[in-house]
Amino acid sequence: MALLKKDLAQIKGVVHDEIENLARIVARGFEQVDKRFEQVDKRFEQVDKRFELIDKKIEQIDVEIRHINARLNTIEHDIATIIKHFVYRDEFEDVLMRLSAVEKKLGLRSGK
């Protein structure tokens, strides 16, 4: 059975309507996707702000660490200087005993 022009026109109309319906459905779908992307964009903005805060904190921590390292270097230098002039107690007591013996031999009074 051959289709008439009227049948073809009716089929074109139905197909056109269905394509229009499909286009509306797709458009609504994209609108929903756009809304979701807007929400995702807002979340990413919040994450970016958090990262900026973290970066600032890291910079502050770096400055504090450099300051602490400088202080530690000073302390290490001071300790090294103290150690150069440090006398152990047993060495000191030995010197005191020898000095006491010299004082007795020379007939001097102890400084005590």
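Since every read-out is calculated from the coordinates, none of them should be taken as a lab result. Note that the coordinates shown come from a computational prediction; the quantities given were computed from them, not determined experimentally. Reconstructed Cβ throughout: ideal geometry from the backbone, glycine too, with neighbour counts over all protein chains shown.
Build a GNM of the chain with springs between Cα atoms under 10 Å apart, and of His85, His77, His67 the one that fluctuates most is His85. Against the main long axis of the alpha-carbon atoms of the chain, helix 5-84 sits at an angle near 0°.
Each label point is 7 Å from the Cα along the Cα-to-Cβ direction; what then is the distance between the points at Asn69 and Ser100, in nm? Label-label distance for Asn69 and Ser100, simple model: 5.1 nm.
Toward the positive end of the charge dipole of the chain, with +1 on the Cβ of Lys and Arg and -1 on the Cβ of Asp and Glu, the farthest Cα among Ile61, Val40, Val14 is that of Ile61. Between the labelled values (i) 9.8; (ii) 17.8; (iii) 9.1, the entry that holds mean projected area of the Cα convex hull in nm² as derived from this structure is (ii).
Out of the chymotrypsin sites (Phe, Trp or Tyr not before Pro) in region 53-112, which ones are loop residues according to DSSP with at most 14 other C-beta atoms within 10 Å?
Working: sites: Phe86, Tyr88, Phe92; in loops: Phe86, Tyr88.
Sparse-neighbourhood loop chymotrypsin sites (Phe, Trp or Tyr not before Pro): Phe86, Tyr88.
Fully extended, how many nm does the chain gain between Ile82 and Arg24 (0.36 nm per residue separation, minus their Cα-Cα distance)? The partial results should precede the final answer.
Details: separation 58, 0.36 × 58 = 20.88 nm, distance 8.55 nm.
Gain on extension, Ile82 to Arg24, equals 12.3 nm.
Taking Cα atoms, how many degrees apart are the long axis of helix 89-106 and the longest axis of the chain, rounded to 10 and kept between 0 and 90? Taking the Cα atoms of the chain, the angle to 89-106 is about 10 degrees.
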